[in-house]
1. Mind listing the phi-derived Karplus ³J(HN,Hα) values for region A:365-376, rounded to whole Hz, using 6.51, -1.76 and 1.60 with θ = phi - 60°, and x for any glycine or proline?
2. Long-range amide H contacts for residue A:324: which residues qualify at under 5 Å (H placed 1.01 Å from N, peptide plane, sequence gap of 5 or more or a different chain)?
3. At a probe radius of 1.4 Å, what is the per-residue accessible area of residue A:565, in Å² to the nearest 10?
4. Would you please give the residues with an amide H less than 5 Å from that of residue A:102, counting only those at least 5 places away or on a separate chain, with H modeled from the backbone geometry?
5. Leaving out ligands, DNA and RNA, what percent of the accessible area of region A:136-211 is carbon and sulfur, probe 1.4 Å?
6. On a 19 Å Cα-Cα criterion, which of the cross-link pairs A:341/A:516; A:42/A:428; A:215/A:323; A:409/A:476 come out too long?
7. Hand me the tally of lysine pairs in region A:546-642: alpha carbons under 23 angstrom apart, and the pair either on different chains or 8 or more positions apart.
8. Angle check, please: helix A:442-458 long axis (alpha carbons) against the longest principal axis of chain A (alpha carbons), in degrees 0 to 90, nearest 10.
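The values are calculated or read from the model by the stated rules, or taken from the named source; none is laboratory data. Note that this is a predicted model, so its numbers are computed, not measured. Note: ideal-geometry Cβ built from the backbone for every residue, glycine included; neighbour counts use all protein chains shown. For the accessible areas, the whole protein counts, side chains as well, though only heavy atoms, and no ligand, DNA or RNA atoms are used. Shrake-Rupley method; radii C 1.70, N 1.55, O 1.52, S 1.80 Å.
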Amino acid sequence: MENGFAYRLPDGKVLTFDHAPTGAEIAAAIGPGLAKAALAIKVEGQIRDLARTMDTREAAIEIVTRKSADALDIIRHDAAHVMAEAVQELFPGTQVTIGPAIENGFYYDFARDTPFTLDDLPKIEAKMHEIVKRNAPLEREVWDRADAIKYFRDKGEKYKAEIIEDLPGTETITVYRQGEWLDLCRGPHAPSTGSVGDAFKLMKVAGAYWRGDSKNQMLTRIYGTAWRDKKELEAHLTMLEEAEKRDHRKLGREMDLFHLQEEAAGSVFWHPNGWTMYRALETYLRKRLETDGYVEVKTPQLFEKSLFEASGHWQMYGHGMFKVEVGHGHDHEHVQTFGIKPMNCPAHVQIYNHGMKSYRDLPLRMAEFGSCHRNEPSGALHGIMRVRQFTQDDGHIFCMPEQVVEESKRFCALLQRVYADFGFSDVKVKLALRPDVRAGTDEIWDRAETELRDAARQAGLEPEDLPGEGAFYGPKLEYHLTDAIGRTWQCGTLQLDFVLPERLDAEFVAADNSRKRPVMLHRAIFGSVERFIGVLIEHYAGRLPLWLSPTQVVVATITQDADGYAEQVAATLAAKGLRVITDTRNEKINYKVREHMVAKRPILLVVGKREAQERAVAMRRLGSESQTVLPLDQAIADLVAEAAPPQ
RNA sequence: GCCGAAAUAGCUCAGCGGUAGAGCAACUGAUUCGUAAUCAGUAGGUCCCCGGUUCAAAUCCGGGUUUCGGCACCA
């Protein structure tokens with residue numbers, strides 16, 4: 001096409017023009033219905049405003065409508081702008097900063113002396129609906145850089161001016177106008193504010209630092225959710241309610257698993273039920289580790305600070321450690337400073353260093369359920385997910401450099417096997433690469449990063465790179481699992497360390513009789529046992545698999561006539577190692593059924609006169625509306641098999 | 001740590017200057033019942049802590065603690 005313009009649609013059809021058309025013109029050329037429904041145009045995979053004129057003669061294009069996968073981002077970004085306009089109309093003097101689309105919605109950060117409160121949201125929401133109804137066109141304008149800075153500065157929008165100043169010189173400065181209001185924005189946007197529709201809701205207010213830096217001023221952020229239609233919005237709100245029902249703090253209380261209290265903020269009080277679950281989990285993992293060639297150790301809580309100075313932790317993380325000063329001598333005049341361990345690695349190196357190691361001893365896989373304390377910032381604490389005292393299912397593999405890939409691969413396999421036992425089949429891996437401040441040469445980092453990546457790949461996992469996120473002592477693999485409602489949690493980790501063996505002088509005698517440094521792999525599968533239990537509670541919505549359930553079986557009677565038989569059934573089950581309780585209270589069976597189901601007890605065996613006569617039980621499972629009557633012997637055999645931890 | 005909100009019986013919550021309340025749970029009694037709440041009664045409180053204002057504070061004000069929602073942090 002010499003002087004023509006040709007654009008290819010997703011179905012392969014090509015549309016031609018004798019001039020450079022706008023996206024809107026292309027949509028109109030396809031059909032009037034589409035022209036009306038169009039929100040934006042995708043040119044070679046890049047989303048643009050419909051009003052923009054095509055700047056290439058040929059391109060693969062696609063019209064984005066409300067139904068498109070990309071529509072939500074546009075709707076949400078538009079909604080953020082509409083919210084900003086609403087806020088500035090209602091609260092003059094409020095400065096705007098940034099307002100992107102995010103997962104499930106959008107937010108906008110405002111600078112204002114008095115932060116917004118929840119009470120402001122209905123007003124803002126009402127104003128937003130008004131602005132959407134005005135349906136003002138969203139018009140893109142290209143501005144001169146200096147003019148733009150002057151404009152925003154004169155208007156008192158110093159944050160916007162600062163954003164422009166920091167944009168690279170090559171960046172085109174664009175502004176979007178919607179009626180009387182305008183905002184600096186890269187776009188793209190739908191043709192008018194009406195496209196936002198009415199399926200949005202403002203959710204919460206929060207503080208957020210300007211540019212995400214805690215040294216900067218705190219802004220006031222408003223979060224909203226926005227969808228294609230009311231039905232989608234309702235579905236999202238229902239999903240949030242579902243997530244709330246799974247909250248481990250709520251279930252932890254209801255199932256009497258644990259509690260937290262003021263005097264020990266960030267430390268868990270495990271109740272008998274929770275501790276039973278905890279021990280079941282620990283026993284299970286201990287078995288897995290044993291099978292995989294680990295030796296288990298136990299190391300101290302408290303260390304003289306010299307050990308942490310030698311390892312480098314005192315200097316790097318001293319601010320987050322709990323420190324203890326102890327006076328010795330007559331008047332306690334000699335003060336000795338200790339630190340409660342925030343991690344187990346220095347202690348494990350001490351065990352490694354005890355006695356000369358030969359290359360024949362490697363790899364040495366050392367595991368510990370190590371209790372650690374970290375003085376987490378108060379705002380970081382969250383139920384048992386983020387605590388100040390936690391137990392790492394920690395492990396360190398001391399190996400020769402040439403064993404790193406094999407050991408990493410082996411660990412990936414073990415981790416995947418463990419996760420699969422809980423139904424976590426979707427595991428994502430991220431590879432945290434060298435940070436700016438780091439130990440070791442570039443050659444060492446090149447090799448370490450490549451080895452971790454290769455090992456993950458060989459284990460069937462494709463890592464996503466996280467540049468700059470690695471620890472100062474080496475790169476790390478982070479394992480993110482996906483729970484039953486699609487949320488991801490980072491639990492496992494595998495970190496390569498070529499600094500600590502050096503600092504703590506770990507060595508082995510090589511085959512050629514020379515002294516060499518082992519490589520250290522730090523690894524954890526659960527991460528923090530506390531947090532993993534929190535994840536499990538939410539993943540299973542409290543309906544734990546039989547082997548993890550604190551109470552596995554309840555034997556409940558219908559009348560007192562069956563009490564003797566019930567005790568007999570319970571005793572038989574207990575003798576087989578099952579955790580069983582009896583409920584012979586003088587209550588109706590309806591009441592008992594409800595109570596045990598609400599308490600999330602997985603198996604209810606109801607016995608009355610009939611069952612006692614026939615040596616049978618009526619089995620009802622949590623989540624089931626019906627029950628099965630079966631012979632006692634069979635029920636016992638079934639339950640014993642089902643209650644075994646994964647093998 | 002920062003911004004905002006909250007804290008009342010074991011739990012969920014009402015009360016918002018004038019005698020501390022409800023439902024569920026607990027306890028006692030009656031009921032002996034066939035698969036998600038039987039009935040009646042009894043008992044239960046430093047209204048988070050420390051100050052202040054007031055004739056009078058759960059309530060208003062100040063400081064603190066903890067929790068919640070975010071942000072920042074997460075060896």
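1. My calculation for region A:365-376 gives 9, 10, 10, 8, 8, x, 7, 10, 10, 9, 7, 5 Hz in order.
2. A:338, A:339, A:340
3. 20
4. A:107
5. On the way: 1830 of 3710 Å².
Ligands and nucleic acids excluded, carbon and sulfur reach 49 percent.
6. Numbers: A:341/A:516 28 Å; A:42/A:428 29 Å; A:215/A:323 26 Å; A:409/A:476 13 Å.
Result: A:341/A:516; A:42/A:428; A:215/A:323 exceed 19 Å.
7. Values: A:576/A:600; A:588/A:600; A:588/A:609; A:592/A:600; A:592/A:609.
Taking the Cα cut-off of 23 Å, the pair count is 5.
8. 70
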